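Reviewing the structure listed below.
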């Protein structure tokens, strides 16, 4: 005699439980919540796969094309621009879905840079008035003054090639042929002739002591020396010199306006970051 199957009885017990749970408001609420959550997830999934190119975006693509090409795009060219945009949008969405934008140094820096640009742009929404620009010029007048410049030639004597470079320079000065000055002395890594060079540049190239000496030489086209530099000894001929001059606001107004805006951007960026930084707690090692 075959044993009786217990499946019908088990199925009956599950049916009884289901009917009891169906009468439980909490169970019904949880069941409905799970369904709504799943349905919302499917809606979101569909939305993430939908790309809408608006007419405003198409017009923007056309304007960018016209700016670069100097003419309006053809229908085929505009279609290609839209295709490029769609391709980029798909790749960006998939990259985000795969979380490729997380912990990426380039992405992080670009985001920080964009936020800085937005902050800087807000600082220049209101153009400065003439009084503000003039006051900025007065505070920074030295930045716009014309520096002293000098035009000179030099002959170099290397201490690496000579036992006494300064003595050789002095002897050469006594017999120097002004027409053959370029063929005299030793090779020099920088220029042999400087035209309208600022004393700051001369100091960077040769050293401050050399620049100070050259600044005091007469601008009469006569060879003099030796003059010491960081490289060795030099014979120097100063042909022209222009003294430093004070700036006139009208002549540098464009530079003043550009510098004023740059400083406003920098100040706005700094203030915005400090306001953000105050909202964070930073733990350092």
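Of everything in segment 234-246, what is closer than 21 Å to residue 189 by Cα and not in a strand (DSSP E or B)? Give them in sequence order.
Looking only at segment 234-246, we keep the residues that are closer than 21 Å to residue 189 by Cα, and these are 234-238.
Hits for segment 234-246: nothing passes.
Scanning segment 244-280 for residues that are touching a strand residue (DSSP E or B) at 6+ places or on another chain (Cβ under 9 Å) and exposed (fewer than 13 other Cβ atoms within 10 Å of the Cβ) yields 244, 245, 246. Going through segment 207-233 one residue at a time, which ones are more than 22 Å from residue 147 (Cβ to Cβ) and assigned to a strand (DSSP E or B)? If the condition is that a residue be more than 22 Å from residue 147 (Cβ to Cβ) and assigned to a strand (DSSP E or B), then 223, 224, 225, 226, 228, 233 are the ones that fit.
Cβ-Cβ distances below 8 Å connect the following pairs, each with a first residue in segment 91-113 that is farther than 26 Å from residue 276 by Cα, a second residue that is in a helix (DSSP H, G or I), and a separation of six or more residues or different chains: 93/48; 97/48.
Just a yes or no: is a residue in segment 187-195 in a helix (DSSP H, G or I) and assigned by TED's automatic domain parsing to the domain that holds residue 221? Please lay out each step first, then the result.
Applying the first criterion (in a helix (DSSP H, G or I)) to segment 187-195 yields none.
Checked against the condition, which is being in a helix (DSSP H, G or I) and assigned by TED's automatic domain parsing to the domain that holds residue 221, segment 187-195 yields no hits at all.
Of the residues making up segment 134-151, just one is under 22 Å from residue 264 (Cα atoms), modelled with pLDDT under 90 and touching a helix residue (DSSP H, G or I) at 6+ places or on another chain (Cβ under 6 Å), namely 144. Checking each residue in segment 53-70 for being surrounded by 10 or more Cβ atoms within 10 Å (Cβ to Cβ) and closer than 18 Å to residue 86 by Cβ picks out 53, 57, 58, 59, 60, 61, 62, 64, 65.
Determine, yes or no, whether residue 219 is at pLDDT 90 or above and either more than 31 Å from the chain's Cα centre (by Cα) or not assigned by TED's automatic domain parsing to the domain that holds residue 152 (or both). Against the criterion (at pLDDT 90 or above and either more than 31 Å from the chain's Cα centre (by Cα) or not assigned by TED's automatic domain parsing to the domain that holds residue 152 (or both)), residue 219 qualifies. Residues in segment 122-152 that are assigned to a helix (DSSP H, G or I) and either touching a residue at least 24 places away in the same chain (Cβ under 8 Å) or closer than 30 Å to residue 227 by Cβ (or both): 11 in all.
All of 172, 250, 279 fail the test of being part of a helix (DSSP H, G or I) and free of Cβ contacts under 8 Å to residues at least 40 places away in the same chain, apart from 250. Among the residues making up segment 123-141, those that are surrounded by fewer than 12 Cβ atoms within 10 Å (Cβ to Cβ) and within 26 Å of the chain's Cα centre (by Cα) are 125, 126, 127.
Within segment 82-121, the residues that satisfy the criterion of being surrounded by 12 or more Cβ atoms within 10 Å (Cβ to Cβ) and in a loop (DSSP other than H, G, I, E, B) are 100, 101, 104.
The values are calculated or read from the model by the stated rules, or taken from the named source; none is laboratory data. All of these numbers come straight from a predicted model, not from anything done at the bench. Reconstructed Cβ throughout: ideal geometry from the backbone, glycine too, with neighbour counts over all protein chains shown.
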